[in-house]
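Bear in mind that the values in this text are calculations on the coordinates, not laboratory data. Nothing here was measured: the structure is a model prediction, and the numbers come from that model. Neighbour counts run over all protein chains shown; Cβ positions are idealised from the backbone, glycine included.
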Amino acid sequence: MTTTASLKQRKAKAPAPRSVSILGATGSIGTSTIDLLLRQPDRYKVEAITAQRNVEALAKAAIALNAKFAAVAEPDKLSALKDALAGTGISAGAGESAVIEAAARPADWIMASISGAAGLAPTMAAVERGASVAIANKECLVCAGGLFMRRAAARNTTILPVDSEHNALFQAMAAGLRGDVRRLILTASGGPFRTWTADAINAASPEQALKHPNWSMGAKVTIDSATLMNKGLELIEAHHLFQMPAASIDAYVHPQSIVHGIVEFRDGSFIAQLGAPDMRIPISHCLGWPDRIDEPARRLTLEEMSSLTFEAPDLVRFPALRLAREVIEAGGAAPTILNAANEVAVAEFLDRRLGFAAIPALVEATLNEAARTGMVNEPASVEEALAIDKTARSMASALLPVVSKG
Ligand SMILES: NC(=O)C1=CN([C@@H]2O[C@H](COP(=O)(O)OP(=O)(O)OC[C@H]3O[C@@H](n4cnc5c(N)ncnc54)[C@H](OP(=O)(O)O)[C@@H]3O)[C@@H](O)[C@H]2O)C=CC1
Ligand SMILES: CC(=O)[C@@H](O)[C@H](O)COP(=O)(O)O
Ligand SMILES: [Mn+2]
């Protein structure tokens, strides 16, 4: 029976709202995060949200979330953002420094979901602040993973892996002692070209590459899934997040995208995490952690789990995974260079200036050129990582005509 006294007691027990910020609020991960926040408005108060240029969506989200601050990375969008937020009491900022300011504002939990190396400085600002940082932006771990993990440890920052495979491994690993882990297995859908011949892959168009079989995501990560560079980036991401050697991390093609990650223990036990291919599940795991949140997405049925297949990836048609292993082995600046060259290649492919098979070719050519010119040192600061990133982008751009000729 509900009495006034028990109601009062329950009210007294209601936890204080958690303050949260979202970097990359207008993207695929950002909007899924907002969807979860809006379902429990009393549990969260929103400190800051950011975007690159989509002022309309940013302002709409800031108003819906009653955020304190909204920042847009493109400086010339300030007046448009101020106009869109006029009369709401929400402060507006613009430029890279405003995005970093948003990341450094006090929040208990920050979603790092900017796409690409552009997320490095803001995500690091969040890490330096020492909150819980939910990491979707895998590129920042690829660019500067060693530095990133050292700073998180120094600042006592909790890193929560959002990427579906890493979130799965994080969940599965909780079932055993770290020293008992023999191998981490990342699953890969195989992308839209999993069954295509090398010639057909070579001629693939952006429209074909953007049709991911199972996940709805932003353009950059969707192209990465098609080349399997996404799995390469994820291999490097897992290497840093879980401090495991690359030799103990494998990727298997699992076209159903139902098993997201598997941890193999030394006694022959395999512990996997399964779920619908909906990012609201891993996001909610990070948002609620260490508690769980009710029904973030559709529940899988056991029938849907009745046919699960796994196969080794084909490194000839999809060389990106080989390149990722090679850069972990090479260490130093190589992962930062791989990421920068890949970002250039993906943008060129989407603009139809580069063929699909030339994406990994441009990455490989840039890595070779960088090694030849002695670009070897691992970045020791965000500034160094961004300097390597800039030089590698110039190198990749200069190599475009060579790679395009085949
Ligand atoms: N989508 C997914 O399901 C998954 C994504 N990830 C990773 O999460 C990250 C985000 O992916 P996703 O949400 O798909 O990407 P989207 O392209 O959908 O969104 C990117 C977000 O970042 C903002 N942004 C882009 N460039 C900049 C910049 N230079 N400065 C500041 N903000 C910027 C965009 O703003 P604007 O809208 O204004 O352009 C947008 O808010 C990526 O690293 C991806 O690999 C990982 C697992 C799954
Ligand atoms: C949802 C997610 O985590 C993506 O990174 C996903 O992994 C992409 O699918 P692929 O398995 O095709 O790379
Ligand atoms: Mn993933």
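Summary table below
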{"read-out": "Cα centroid separation - segment 285-301 against segment 30-47, whole Å", "value": "14"}
{"read-out": "Centroid-to-centroid separation of segment 161-176 and segment 198-276 [C-alpha atoms, Å]", "value": "14"}
{"read-out": "Mean separation of Cα contacts under 8 Å, 6 or more apart, over the residue count of the chain: relative contact order %", "value": "14"}
{"read-out": "Rh (Kirkwood; distinct C-alpha pairs) - segment 315-406, Å", "value": "13.0"}
{"read-out": "Residues Ser91, Ser97 arranged by fewest to most Cβ contacts within 10 Å", "value": "Ser97, Ser91"}
{"read-out": "Sum of -39500 (n - 2.57) over DSSP H runs of 4+, divided by residues of the chain (222 nm, nearest 500)", "value": "-14500 deg cm²/dmol"}
{"read-out": "Cβ-based exposure ranking for Ile281, Ile271, in which fewest neighbours within 10 Å come first", "value": "Ile271, Ile281"}
{"read-out": "Cα-Cα separations in segment 14-161 greater than 18 Å, expressed as whole percent", "value": "51"}
{"read-out": "Net charge of Cβ neighbours under 13 Å - reference Ile49; Lys, Arg +1; Asp, Glu -1", "value": "+2"}
{"read-out": "Cα-based Rg of the chain normalised by 2.2 N^0.38 Å, two decimals", "value": "0.99"}
{"read-out": "Within straight-line cross-link reach of Lys77, aspartates and glutamates at Cα separation under 18 Å, skipping those fewer than 8 residues along the same chain", "value": "Glu56, Glu96, Glu101"}
{"read-out": "Total formal charge among the other residues, if their Cβ is under 12 angstrom from that of Gly268, Lys/Arg +1 and Asp/Glu -1", "value": "0"}
{"read-out": "Residues with amide H under 5 Å from that of Arg183, placed H, sequence gap 5 or more", "value": "Glu264"}
{"read-out": "14 Å beta-carbon shell around Pro401, net charge (K/R +1, D/E -1)", "value": "0"}
{"read-out": "Against the rule of thumb 2.2 N^0.38 Å, how large the Cα Rg of segment 250-381 comes out", "value": "1.37"}
{"read-out": "Ranked Phe310, Phe349, criterion: other C-beta atoms within 10 Å, fewest first", "value": "Phe310, Phe349"}
{"read-out": "Farthest positive-ward along segment 48-177 dipole, Cα basis, beta-carbon charges - from Leu141, Ala112, Val127", "value": "Val127"}
{"read-out": "Antiparallel bridge percentage (DSSP; both residues within the chain; nearest 5)", "value": "25"}
{"read-out": "In order through segment 157-173: 3J(HN,Hα) via Karplus (6.51 cos²θ - 1.76 cosθ + 1.60), integer Hz, x for Gly, Pro", "value": "7, 7, 9, 10, x, 8, 3, 4, 5, 6, 5, 4, 5, 4, 5, 5, 5"}
{"read-out": "Long-range HN-HN contacts of Glu378 with modeled amide H, under 5 Å", "value": "Gly332, Ala333"}
{"read-out": "GNM top mover of Pro206, Pro319, Pro15 - the chain, alpha-carbon springs below 10 Å", "value": "Pro15"}
{"read-out": "Extent along principal axes [Cα atoms of segment 312-365; Å; largest to smallest]", "value": "32, 27, 15"}
